[in-house]
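Engineer: This is the structure I have questions about; it appears just below.
We did not get these values from a lab; they are worked out from the coordinates using the rules stated. Predicted model only: the values in this text are computed from it and were never measured. Here the Cβ positions follow ideal geometry from the backbone for every residue, glycine too, while neighbour counts run over all protein chains shown.
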Amino acid sequence: MTGLGAVLRPQLAPERLRAVAQVADEVGLDELWLWEDCFREGGISSAAAVLAWTERVRVGVGLLPVPLRNVAVTAMEAATLHRMFPGRAVLGVGHGVQDWMGQVGARVESPVTLLREYLLALRALLRGERVSAEGRYVQLDDVALDWPPERAEEVFAGATGPRSLRLAGEAADGTVLTANTPPDGVRRARRLIDEGRAAAGRGDDVHKVVVYLLAATGAGARERLRAELVAEGVADVPDLGVAGGADAVADAVRRLAEAGADTVILQPTGDEPDPEGFVRFAAEQVRPLVAAQS
């Protein structure tokens, strides 16, 4: 069955997270995702708080920008979340927005090389292995976690371009696609991911694809959606985003699922006037329709 979730965008002030997260837990939303966008909320700190405030909802972080984080620190923090909240944390890593990485002096010459080295080291550390690495960007000398996760945990990679998508198939357990990905883009991404899996001999592994879907409902939905698509420079891309009621949103989720998405995360507009209401809409109105279609 297609998984359904919503994202708490970092335009929402940190002090608002608790109320929205508790609504998501109460209404039975499958997954609640967070972003680590510069220079807003921290991804791990927000995820830890949301996990502590809730009982059942899975909490994803998509994405942690790898140029900002030493891989050993990410492994330590990820393992801590997985042990404190077994089966409820989902972590993704990615290149980071290059302009932002430049602002903080963390931009690298080869983001794909960094992400490859990072994924291989991070997944090994979370498997409880002792790791030494002498890469271009990742250097580890006999490093192992004292408290690795007690079970195998997935590491997702954010990817858009062909090289990154193939890398995700090769070196990650799943892929996160942005809301700028229409159904045809999901199909293309699946093909490239599968190429990477085949090249790495991982064709039999399960590889999950998570796709964000920009969605607006309620008063002024079409205008808010259009304004965001224009601001992102993608207003002319067909089949991107959805505005309307539960039927329209569920149909858009179905199209992404048919194209290869395992989980669709509804992404409200940055100016969403009612985050709690958006989460209730996703869980109580859209989710039953998606379940019926699966």
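Engineer: I need the phi-derived Karplus couplings for region 219-233: 6.51 cos²θ - 1.76 cosθ + 1.60, θ = phi - 60°, integer Hz, Gly and Pro marked x.
Structural biologist: 4, x, 4, 5, 5, 5, 5, 4, 4, 6, 4, 5, 4, 7, x
Engineer: Using the eigenvalues of the Cα gyration tensor, what equivalent ellipsoid semi-axes result for the chain when each is taken as the square root of five times the eigenvalue, whole Å, largest first?
Structural biologist: Values: eigenvalues 178, 89, 70 Å².
Equivalent ellipsoid of the chain: 30, 21, 19 Å, largest first.
Engineer: While we're looking at this one, here's another question. Using amide H atoms built in the peptide plane, which far-off residues or other-chain residues are under 5 Å from D30 H to H?
Structural biologist: L4
Engineer: While we're here: Counting DSSP beta bridges with both partners in the chain, what percentage is antiparallel, nearest 5?
Structural biologist: Of the beta bridges lying entirely in the chain, close to 10 percent run antiparallel.
Engineer: Could you identify which residue out of A75, A49, A171 has the top mean-square fluctuation in a GNM of the chain using Cα springs shorter than 10 Å?
Structural biologist: A49
Engineer: Also, quick follow-up: So what is the 222 nm mean residue ellipticity for the chain from helices alone, if each DSSP H run of at least 4 adds -39500 (n - 2.57) and you divide by all residues, rounding to the nearest 500 deg cm²/dmol? Display every interim value, and only then the final one.
Structural biologist: Values: 11 runs with 124 residues, N = 294.
Result for the chain: -13000 deg cm²/dmol, rounded to the nearest 500.
Engineer: To continue, here is another question. For region 153-238, which trypsin sites (Lys or Arg not before Pro) pass both filters: DSSP loop (anything but H, G, I, E, B) and at most 10 other C-beta atoms within 10 Å? All intermediate terms of the calculation are to be shown ahead of the outcome.
Structural biologist: Working: sites: R163, R166, R187, R188, R190, R191, R197, R202, K208, R222, R224, R226; in loops: R202.
Hits after loop and neighbour filter: nothing returned.
Engineer: Tabulate in residue order the Karplus-calculated ³J(HN,Hα) for region 267-275, using 6.51 cos²θ - 1.76 cosθ + 1.60 with θ = phi - 60°, rounded to whole Hz; enter x for Gly and Pro.
Structural biologist: Computed from phi, the couplings for region 267-275 are 10, x, 5, x, 9, 3, x, 9, x Hz.
Engineer: Averaged across orientations, what area in nm² does the convex hull of the alpha carbons in region 60-199 project?
Structural biologist: About 8.7 nm², averaged over all directions.
Engineer: When 1/r is averaged over all different Cα pairs and the result inverted, which Kirkwood radius in Å belongs to region 2-134?
Structural biologist: On the way: mean 1/r = 0.0642 Å⁻¹.
Across region 2-134, the inverse of the average 1/r is 15.6 Å.
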